[in-house]
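The values are calculated or read from the model by the stated rules, or taken from the named source; none is laboratory data. All values reported here derive from a predicted model rather than from experimental measurement. Virtual Cβ from ideal backbone geometry, glycine too; neighbours counted across all protein chains shown.
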Amino acid sequence: MKVDSTRVIKQVGKVAIIVATALVAMTTVTQNSYAQAPMAKFQAPGFYRTMLGDFEVTVVSDGTALRHVDEIMSKPEKVREAYSRNGEELPTELSINTFLINTGSKLILVDTGAGELFGGGSSGRLVNNLRAAGYQPEQVDAILLTHIHGDHSGGLSVGGKRVFPNADVYVDKNDSDYWLSEEKANAAPSSKRTTFMQSRATVNPYVDAKKLKPFVGAQELFPGISSIPAYGHTPGHTAYLIGSRGKKLLLWGDVIHAGDVQFKDPDVTIAYDFDPVAAVKSRQHLFQLAATNAYLVGGAHISFPGLGHVASTSTGYEWVTAPYQIQGTL
């Protein structure tokens, strides 16, 4: 049979044109579909859970606070150089982390975030994230404050009402005596008066309910949970050591604000330090304590979930982020 090659070529050409047209149409539809998909613009609920011996530890995020850390830290040029070298922009979002310890018999929250004090937005998310993690504020038995500052004690009360109605609040007496004192508030420079006002507004509802439990220095507050004085950032700034079945977790509050700089140079301080010299000594002590004992560390302002270890180096210290885990222990 004789094949008409000209006709075959024409037919093949027609098929090619049809296929090409279809592909263009499919590509256009796909591109249009992508263009029409809205951006979600929100994060997953902020909690991260791990086991520490027999204790369940849940890091609960209160969100972030946007800060020009170079403008509030000593050695600003060093801060800017470090952030630039690491490809980070300023201002930066500082994580606000809280830590929920379930001992099996007690539910203990370390710090409470900012509540409504920073105007909501990227912060004030503790309660929603706590519920997303499977807990209710009414279930919290005790709150351990590393110190009284808006982003740590601000979540205690909203609108003058206790957010955690059944919780006792523990804080070093040096902090409560200072920040809750009307006399000291009146004598304070104007730059600190807002902090005094916020402190009384959020802590006093627990004072009125006789639920404030001040302590002094190193104390065992609950089985497996002890305070470590880390004075300097505030008069009674405190770290907490959590232990179960040989596993240890050090929760150190505001020892670090700019990890890119302060691990290598612990002498870098922040403008909010009550006593910068004492704050440096506390930072150096806790760095050494954590590194020597290989403690797991939880940082309030280290990027969520803020868990890791401190390692000694020839020039200072470095932060080693704990691996993300679905199951098991850290």
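In table form, for the structure just shown:
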quantity: Tally, over the stretch 216-243, of residues that are outside any loop (DSSP other than H, G, I, E, B) and not hydrophobic (A, V, I, L, M, F, W, C); calculated: 7
quantity: Yes/no for residue 206 being closer than 21 Å to residue 106 by Cβ, buried (at least 17 other Cβ atoms within 10 Å of the Cβ) and assigned by TED's automatic domain parsing to the domain that holds residue 144; calculated: yes
quantity: Lone qualifier among 96, 108, 101 - being assigned by TED's automatic domain parsing to the domain that holds residue 268, in contact (Cβ under 8 Å) with a residue 40 or more places away in the chain and in contact with a helix residue (DSSP H, G or I) (Cβ under 9 Å, 6 or more places away or on another chain); calculated: 96
quantity: Matching residues, the stretch 225-243, being small (Gly, Ala, Ser), surrounded by 21 or more Cβ atoms within 10 Å (Cβ to Cβ) and touching a strand residue (DSSP E or B) at 6+ places or on another chain (Cβ under 6 Å); calculated: 227, 230, 236, 239
quantity: Only one of 76, 91 that is over 30 Å from residue 52 (Cβ atoms), of a type outside the set (A, V, I, L, M) and touching a strand residue (DSSP E or B) at 6+ places or on another chain (Cβ under 8 Å); calculated: 91
quantity: Checklist (1) within 21 Å of residue 201 (Cβ to Cβ); (2) touching a residue at least 40 places away in the same chain (Cβ under 8 Å) applied to residue 129, failing item; calculated: (1)
quantity: Hey, residue 262 within 30 Å of residue 77 (Cβ to Cβ), assigned by TED's automatic domain parsing to the domain that holds residue 151, of a type outside the set (Gly, Ala, Ser) and touching a strand residue (DSSP E or B) at 6+ places or on another chain (Cβ under 9 Å) or not; calculated: yes
quantity: Residue among 135, 83 that is part of a helix (DSSP H, G or I), touching a Leu at 6+ places or on another chain (Cβ under 9 Å) and of a type in the set (Phe, Trp, Tyr); calculated: 83
quantity: Which numbered condition residue 164 misses (of (1) in contact (Cβ under 8 Å) with a residue 60 or more places away in the chain; (2) assigned to a loop (DSSP other than H, G, I, E, B); (3) over 23 Å from residue 249 (Cα atoms)); calculated: (1)
quantity: Selection count, the stretch 117-140, where residues are of a type in the set (D, E, K, R) and surrounded by fewer than 16 Cβ atoms within 10 Å (Cβ to Cβ); calculated: 2
quantity: Test: residue in the stretch 117-129 that is basic (Lys, Arg) and farther than 27 Å from residue 191 by Cα; calculated: no
quantity: Within the stretch 66-79, considering residues that are closer than 15 Å to residue 259 by Cβ and in contact with a helix residue (DSSP H, G or I) (Cβ under 7 Å, 6 or more places away or on another chain), the one surrounded by the fewest Cβ atoms within 10 Å (Cβ to Cβ); calculated: 78
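So that you can scan it fast, the table gives a plain yes or no per residue for (1) touching a helix residue (DSSP H, G or I) at 6+ places or on another chain (Cβ under 6 Å); (2) touching a residue at least 60 places away in the same chain (Cβ under 8 Å); (3) not basic (Lys, Arg):
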| position | (1), (2), (3) |
| --- | --- |
| 222 | no, yes, yes |
| 229 | no, no, yes |
| 232 | yes, no, yes |
| 241 | no, no, yes |
| 249 | no, yes, yes |
